[in-house]
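The values are calculated or read from the model by the stated rules, or taken from the named source; none is laboratory data. None of these values were measured; they are calculated from a predicted model. Counting neighbours? That spans all protein chains shown, and the Cβs are built from the backbone with ideal geometry, glycine included. All accessible areas refer to the heavy atoms of the entire protein, side chains included, with ligands and DNA or RNA removed. Shrake-Rupley method; radii C 1.70, N 1.55, O 1.52, S 1.80 Å.
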Amino acid sequence: MFPNEYTWIFAVGIVASISDAFGIGANDVANSFASSVSSGSLTLAQACLIAIFTEFLGALLLGSSTSETIKGGILSVERFVAQPELLMMGMLCALIGSASWVIFASKKGMPVSTTHSIVGAIIGVGIAAFGGGAIQWGYSGVAKIITSWFVSPVASGIITSIIYLPTRYFILDHPNSLERGIKAIPIYFFITSLISAFYLIYKGAPGTDAAKMSVGTIIGISFGVAAGVTAFSWFFFAKWLRRKVVGKENISWYHIFVIHFIKHRPALPPPPPAPLIEEVSSELEGGCDIDGKLSVSVKDASKIGDADSPADEEEETNKSRLVKLLHNAKYYALRGIRKDVRNLDNKKLASVHEAAKKFDDDTEYLFSFLQIITACLASFAHGSNDVANAAGPIASIYDIWRYARVDISGTAPVPTWILAMLGVSIDLGLITFGYHVMRKLGNGVTYLSPSRGFAAELGTSLTVLTASKIGLPVSTTHCITGAITAIGLCNGSFRALNWKMLAWCFMSWIFTLPIAGLISGLLFAFAINAPVSFI
């Protein structure tokens, strides 16, 4: 092989990596924000807007400058040294296999691990190329992944329960829950900021010098950040909450920073009754579409007087076509963020939601801010860490294409343009396709409120941190599913969980490795054994 040979594999690999990153956004990022949206702390549009910045900036600024050539060391890269083009084709097939399964699973609303998907795809390539003996089947490879199917949800569920149950019994169940909640908010801010800062530095900054810091240094920085956030919440945020939530004063979020200098304001007036759209529409011609009928009325008014010339009519027709084209483009671009993913009016889930105890709305509102913080930082860390699932294979293809050799160190440099390209693809996946997973995973499993969602997200972050430190195999997707399941059990009844949905989730985890591996393995076998070889 010579440098810049097999350019077509590199070109197709770019498309495949974009598709894989699209699937990561539609599945991994979607399940990260599912509890925030389902609880009502964020709207779907707000979650997508936040993720656009956190995921992209996390991938671009903190994403690792190097990536494993073969994810998880599941297959020795030295087997490809003699024929680098085989590794190029293998990584291309792995990307196609992973992207195909993750996008399909996202369409069906199944939360799957994108890390396990790319590993399964590489296993398929390894078996097709060298046989089953080339794969690491022991605990250092496949067995560790299988273990994570059980360790991740159980560990996350236990930690989430430890966070949520004291909150429920000491605050939410108390007759004066709002007053207790406001007093406890600084404590919750301390815990949340401490864990979030540690998670971001320890897990979410592989491309910076923070990755080289000792654990003691990271703990010290995290405590410093937590102390500053706690002081701010005690002197400013708690005061703002007391006036906003208890006093119902007409103040906005930006008043938090100057709350001590703002005089007392009257309470917010009740919202006026919504106008009847039917009555307004009936006054227009035809009465079914306000914008459309107004434009028709203006058009009719323009016809008063002399008739338009043929040239004017043609110009008007062209304008109408352009407006229609722009309208359709806007509709399809924003279609994914206009979906109802909370499932509160779903009759099939009514019995599940009714089995969960409901708490005071104002008290629940206190936890919305905490949940938004955990969601943002988890998303930022996710963008920097999990972008490697799509970046590793395409970086390997690019490196071999440029230098016509396999780096036996098992790593490949990741250019900035790849991180930026995949960061954008992750965002597009969430915006256009993420609602499928959010709709299934959030209130589709159990009833979620801000306090419940906050506990689930914080429990997931803490589980991933602890497990990473002690060497237990965990998946973020599996952890958030286990956390939401634990919340359902803490709701007080087995009927508060959608067991059918949970079974569907678990089956999708089991299917991930074999299906992604089967797709990539068949593609690779076809490519290298065809009468006219593709390489």
Practice prompt. List every residue pair whose Cβ atoms sit under 7 Å apart, with the two residues 6 or more apart in sequence or on different chains, where the first one lies in segment 479-495 and is in contact (Cβ under 8 Å) with a residue 12 or more places away in the chain and the second, anywhere, is in a loop (DSSP other than H, G, I, E, B) and among the polar types (S, T, N, Q).
Written response: 484/446; 487/446; 488/446; 491/446
Worksheet item: Which condition number does residue 388 fail, the rest of (1) open to solvent by 20 Å² or more (accessible area, probe 1.4 Å); (2) within 14 Å of the chain's Cα centre (by Cα); (3) not charged (D, E, K, R) being met?
Response: (2)
Discussion item. Name the single residue that is farthest from residue 346 (Cα to Cα) among those in segment 408-443 being over 16 Å from the mean Cα position of the chain (by Cα) and among the small types (Gly, Ala, Ser).
Written reply: 409
Discussion item. Of all residues being of a type in the set (Phe, Trp, Tyr) and either open to solvent by 60 Å² or more (accessible area, probe 1.4 Å) or on the phi > 0 side of the Ramachandran plot (or both) in segment 519-535, which is nearest to the chain's Cα centre (by Cα)? Just the residue, please.
Written reply: 526
Item to complete: Report, by residue number, each residue of segment 322-358 that is surrounded by fewer than 19 Cβ atoms within 10 Å (Cβ to Cβ) and either charged (D, E, K, R) or touching an Asp or Glu at 6+ places or on another chain (Cβ under 8 Å) (or both).
Response: 324, 330, 335, 338, 339, 340, 345, 347, 348, 354, 357, 358
Discussion item. Please go through segment 15-65 and give me each residue that is among the aromatic types (Phe, Trp, Tyr) and touching a helix residue (DSSP H, G or I) at 6+ places or on another chain (Cβ under 7 Å), ordered by number.
Written reply: 22, 33, 56
Item to complete: Answer yes or no: is there a residue in segment 265-279 that is at pLDDT 60 or above, touching a strand residue (DSSP E or B) at 6+ places or on another chain (Cβ under 7 Å) and either within 30 Å of residue 438 (Cβ to Cβ) or in a loop (DSSP other than H, G, I, E, B) (or both).
Response: yes
Discussion item. What's the number of the only condition in (1) open to solvent by less than 40 Å² (accessible area, probe 1.4 Å); (2) closer than 19 Å to residue 374 by Cα; (3) among the hydrophobic types (A, V, I, L, M, F, W, C) that residue 162 fails to meet?
Written reply: (1)
Worksheet item: What about residue 426, is it β-branched (Val, Ile, Thr), touching a Leu at 6+ places or on another chain (Cβ under 8 Å) and buried (at least 24 other Cβ atoms within 10 Å of the Cβ)?
Response: no
Worksheet item: Taking segment 407-419 as the search range and keeping residues that are in contact (Cβ under 8 Å) with a residue 24 or more places away in the chain and open to solvent by 30 Å² or more (accessible area, probe 1.4 Å), which one is farthest from residue 21 (Cα to Cα)?
Response: 408
Worksheet entry | Residue list for segment 29-80, restricted to those being under 30 Å from residue 128 (Cα atoms), at pLDDT 80 or above and open to solvent by less than 10 Å² (accessible area, probe 1.4 Å) | 75, 80
Worksheet item: Which residue, of 348, 299, 339, is assigned to a helix (DSSP H, G or I) and modelled with pLDDT of 65 or more?
Response: 348
Fill in: Filter result for residue 452 (basic (Lys, Arg), open to solvent by 10 Å² or more (accessible area, probe 1.4 Å) and either modelled with pLDDT of 90 or more or assigned to a helix (DSSP H, G or I) (or both))
no
Worksheet item: Residues in segment 487-518 that are open to solvent by less than 70 Å² (accessible area, probe 1.4 Å), of a type outside the set (S, T, N, Q) and either part of a helix (DSSP H, G or I) or at pLDDT 90 or above (or both): how many?
Response: 16
Worksheet item: Considering only residues of segment 99-137 that are closer than 19 Å to residue 17 by Cα and of a type in the set (Phe, Trp, Tyr), which is surrounded by the most Cβ atoms within 10 Å (Cβ to Cβ)?
Response: 101
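If you go through segment 106-117 one residue at a time, do you hit one that is more than 21 Å from residue 396 (Cα to Cα), out of contact with any Phe, Trp or Tyr (no Cβ under 6 Å at 6 or more places or on another chain), part of a helix (DSSP H, G or I) and at pLDDT 85 or above?
yes
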Item to complete: State which residue is nearest to residue 458 (Cα to Cα) when the search covers only segment 118-165 and only residues that are polar (S, T, N, Q) and not in a helix (DSSP H, G or I).
Response: 140
